[in-house]
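The values are calculated or read from the model by the stated rules, or taken from the named source; none is laboratory data. Just so we're clear, the structure is a prediction, and the values are computed from it rather than from any experiment. Virtual Cβ from ideal backbone geometry, glycine too; neighbours counted across all protein chains shown.
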Amino acid sequence: MPDLDQSFAALADPTRRAILARLAEGEATVQDLARPFAISQPAISRHLKVLEDAGLIETRIHGTARPRRLKPETMAGLWDWLGQYRALWEAQFQRLDAVLDSLPDDPPTERAP
């Protein structure tokens, strides 16, 4: 199970979520990840450090390049944790659907006084 506090803190930032979305497409270098943002490369590196400390990404050493990639096992752990609550909410929505289905289709008519 991942450290949920650290993982969700890392996911709280929209730039880091965008980085994760990009890494879902495949490995990328810091330069590749910095390209779409109007922030400095050192700022991107700090975001990457937060994501790596949270266990959401990892760095692969390939010669002089250091591409980053997702750690699917950590993401799966988050999904498993969230899945518990998804099942709870789906049950709530099914009960709500049943109540709504039991209501008459015609709106109530107003009666004159």
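Could you tell me which of the residues 101, 106, 97, 80 is part of a loop (DSSP other than H, G, I, E, B) and not hydroxyl-bearing (Ser, Thr, Tyr)? Walk me through how you get there before you give the answer.
Values: 101 fails: part of a loop (DSSP other than H, G, I, E, B); 97 fails: part of a loop (DSSP other than H, G, I, E, B); 80 fails: part of a loop (DSSP other than H, G, I, E, B).
From the options 101, 106, 97, 80, the qualifying one is 106.
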Worksheet item: Given the conditions (1) surrounded by 10 or more Cβ atoms within 10 Å (Cβ to Cβ); (2) in a loop (DSSP other than H, G, I, E, B); (3) among the hydrophobic types (A, V, I, L, M, F, W, C), and given that residue 44 satisfies all but one, which numbered condition is not satisfied?
Response: (2)
Fill in: Test set (1) more than 20 Å from residue 7 (Cα to Cα); (2) modelled with pLDDT of 95 or more - residue 34 fails condition number
(2)
Worksheet item: Which of the residues that make up the stretch 16-31 are out of contact with any Lys or Arg (no Cβ under 8 Å at 6 or more places or on another chain) and of a type in the set (D, E, K, R)?
Response: 16, 17, 22, 25
Item to complete: State whether the residues of the stretch 46-67 include one that is over 15 Å from the mean Cα position of the chain (by Cα), at pLDDT below 90 and hydrophobic (A, V, I, L, M, F, W, C).
Response: yes
